[in-house]
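What follows is a set of notes on a single structure, which appears directly below.
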Amino acid sequence: MQVDGVVALALSSDLDELAVTRPTDLVRLLPAFDPYVLGAGTANSWVVDASRRGAVNRAGGWISPVILAGGRVAGTWTSDGAALAVELFSEQAGAVARQALEGEAQRIGATAIDIRLV
């Protein structure tokens, strides 16, 4: 099978489901060390843009909490419980609707959002 013109391997039992799967613009806040990021690896440029790897995979092996938009890492985030601090990667910012971030903030219990483009 091919994904974006690149040959990819998949289990034959998964091919039918993969063939009908469509791209999504879903936005999610993933916690530090989330399996979605770790499974692919931070060096996988389909998930983490190579220029942003250092923001996700920090010194000492720390994997930052990330903002996932359309299946790709679009930024990082932190929270003190009440406020959500978001650093959106400027090249991905268009994929992240503020309303989606507000919904995610509510999901984790944050009542305020500070968004910065980096």
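Bear in mind these aren't lab numbers, they're just calculated from the coordinates by the rules spelled out. Not measured: the values here are computed from a predicted model. Ideal geometry is used to build each Cβ from the backbone, glycine not excepted, and the neighbour counts take in all protein chains shown.
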Helix-derived mean residue ellipticity, 222 nm - over the chain, DSSP H n ≥ 4, -39500 (n - 2.57), to 500:
-5500 deg cm²/dmol
Mean shadow area (nm²) of the C-alpha convex hull around the chain is 8.3 nm²
List the residues of the stretch 48-73 whose backbone N lies under 15 Å from a point placed 7 Å from the Cα of R116 along the Cα-to-Cβ direction.
55-56
So how tilted is helix 98-108 from the main axis of the chain? Cα-based, degrees 0 to 90, rounded to 10.
80 degrees
Length added when fully stretched, E17-D34, from 0.36 nm per residue minus Cα-Cα
3.7 nm
